[in-house]
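The values are calculated or read from the model by the stated rules, or taken from the named source; none is laboratory data. On a predicted model such as this, the values are computed, not experimentally measured, just so you know. Cβ sites come from the backbone with ideal geometry, for glycine too, and all protein chains shown count toward neighbours.
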Amino acid sequence: MPIKTPSDTSSVTADAAATLAAHPRYTSDADARAAAATDRSGYIPPTLPDGVVLAQSADDVVEALRLAHAHGVPVVPRGAGTGLAAGASAHAGQVVVDVSGMNRILAIDPVEMTAVVEPGVLNAEVNAAAAEHGLFYAPDPASTAICSIGGNIATNAGGMWCAKYGVTRESVLGLRVVLADGRILRTGRTTIKGVTGYDLNALFIGSEGTLGIVVEATLRLRPRPVRTETLAAYFPDIEAAGRAASAITAARIQPSILELMDGPTLEAVDQAEGSRHRELGGAFLLAQTDGYGAHLELDEIEGAINPYATSTHRAGSTEEAEALVKARRDAIPALEKLGRVSIGDIAVPRNRLAEAFAGLADTAARTGVRIFSVAHAADGNLHPMIVVNPHESITDGPAKSALRDMFRLAQRLGGTLTGEHGVGLLKREWVGEELGETSRSLQHAIKAALDPSGILNPGKAI
């Protein structure tokens, strides 16, 4: 049974829907509505949205929100649809504003190392354009080839390079946002530093489309490293790999990438890609360093993990290094071949990774749910992935019990229910347990100040 969506998301009248249908980019085509109904979370909404505005410009978004605000039409912002928490899911009584068609790179300044982009630009496209100038954009989710910058901003996405360079919030200098009533707000600045006024830029990053719709972003680029070194290590089990990752943190070494994969995930990748990682161990750690001293830093990493590893191997070429990174990126597509996937997103203190993996094994045994785990080990962000049969629900029964237990495991270890995927619909039930009443009521007040009619992505995030 699908999870219930709060009743305040379906108060639109037929007249109001007809009013929004006057928008020149509006469509009620069944195929378009079905395509815009959900994301990659595995959640299936009970009904389809009333229609979709296929925005091509900021003016299209302004007009859509002016109409929606005036007539009380709930709006669900949507980018590439690669979200993993049902944050872009929409149903009857709602209209989707799809910004994936706003996909231009407006400017790149190689001297100031910035890029100005529209929200529908794919993450990988930004990096391809930046590479022409010897630069790169640091946030790089595993879905980099298919996820959009707008969605990355909505969830404050991270990725592999966040180990050294931080998540999206550290790489977005400024935003152009359309507010719920159609007004345009500019946040942040084009300079690296600036503290005038409250930090509205940070407020919108990670707000999951509940405060406004981003129509332009000024991104911070960085110089491409002069040197990169890559190490693959294998372990008897995932708990040993977790202890090794914690040892790297304790040794105060700063890798640019530090990724973990457990044995079942390695098996799935091997089956999908014809590789042989699982034969080498019960868990895999990928470490990468960059800069002039990359080789020296990798020496230190290898020394820190040797007491735990069964084997280590340094990539001897760029091609071999890229193949190792690709193995990590292949994890989710490989699991999607096994069934319906619901991707967890807990984060714990980095010195408690091994305990987190042990707790996930207990959850799998107790609930009978298959759990496959990968992690951004350098910042304690785990992605335990529930895989069920295609006809099974991820929002009820054992799968939901496993998701609840994951969150409470993270809470016991001093962590959080989401590190980078957002709350969406799937985790909203447990937000109050983490935030507490004072914080949550303050966040509702902020939401009410920016969206008094409650039309922006209602029922999500908080």
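Six or more apart or on different chains, Cβ under 9 Å: which pairs go from a residue in the stretch 422-437 that's of a type in the set (Asp, Glu) to one that's assigned to a loop (DSSP other than H, G, I, E, B) and surrounded by fewer than 24 Cβ atoms within 10 Å (Cβ to Cβ)? Could you list them? Taking only residues 6 or more apart or on different chains, the pairs are Glu429/Ile3.
Ala358 satisfies every condition listed in (1) in contact with an Asp or Glu (Cβ under 7 Å, 6 or more places away or on another chain); (2) crowded, with 19+ Cβ neighbours inside 10 Å except (2). Just one of the listed residues (Ile462, Ile446) is surrounded by 13 or more Cβ atoms within 10 Å (Cβ to Cβ) and outside any loop (DSSP other than H, G, I, E, B), namely Ile446. For the stretch 373-386, the criterion of a residue being hydroxyl-bearing (Ser, Thr, Tyr) and more than 20 Å from Asp270 (Cα to Cα) is satisfied by no position.
Only one of Ala364, Ala378 is over 23 Å from Arg78 (Cα atoms), under 22 Å from the mean Cα position of the chain (by Cα) and either buried (at least 16 other Cβ atoms within 10 Å of the Cβ) or in contact (Cβ under 8 Å) with a residue 12 or more places away in the chain (or both); which? Of Ala364, Ala378, the one residue that is over 23 Å from Arg78 (Cα atoms), under 22 Å from the mean Cα position of the chain (by Cα) and either buried (at least 16 other Cβ atoms within 10 Å of the Cβ) or in contact (Cβ under 8 Å) with a residue 12 or more places away in the chain (or both) is Ala378.
Right, Thr27: surrounded by fewer than 20 Cβ atoms within 10 Å (Cβ to Cβ), farther than 30 Å from Arg220 by Cα, at pLDDT below 90 and more than 26 Å from the chain's Cα centre (by Cα) or not? For Thr27, the condition - surrounded by fewer than 20 Cβ atoms within 10 Å (Cβ to Cβ), farther than 30 Å from Arg220 by Cα, at pLDDT below 90 and more than 26 Å from the chain's Cα centre (by Cα) - is not met. Considering Val172, Val177, Val117, Val97, the condition of being buried (at least 22 other Cβ atoms within 10 Å of the Cβ), within 19 Å of Val61 (Cα to Cα) and without any contact (Cβ under 8 Å) to a residue 60 or more places away in the chain is satisfied by Val177 alone. Taking the stretch 185-204 as the range and being outside any strand (DSSP E or B) and basic (Lys, Arg) as the test, the residues that pass are Arg189, Lys193.
The set of residues in the stretch 280-332 that are among the acidic types (Asp, Glu) and touching a residue at least 12 places away in the same chain (Cβ under 8 Å) comprises Asp290, Glu297, Glu300, Glu302, Glu320, Asp330. Does Ser393 fit the bill of being among the hydroxyl-bearing types (Ser, Thr, Tyr) and part of a loop (DSSP other than H, G, I, E, B)? It is true that Ser393 is among the hydroxyl-bearing types (Ser, Thr, Tyr) and part of a loop (DSSP other than H, G, I, E, B). In this structure, Glu216 does satisfy being more than 20 Å from Val374 (Cα to Cα) and in a strand (DSSP E or B).
Here is a yes/no grid of residues against (1) assigned to a strand (DSSP E or B); (2) in contact with a Gly (Cβ under 7 Å, 6 or more places away or on another chain):
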{"site": "Leu353", "(1), (2)": "no, yes"}
{"site": "Leu360", "(1), (2)": "no, no"}
{"site": "Thr363", "(1), (2)": "no, no"}
{"site": "Ser373", "(1), (2)": "yes, no"}
{"site": "Met385", "(1), (2)": "yes, yes"}
{"site": "Asp405", "(1), (2)": "no, no"}
{"site": "Arg408", "(1), (2)": "no, no"}
{"site": "Gly414", "(1), (2)": "no, no"}
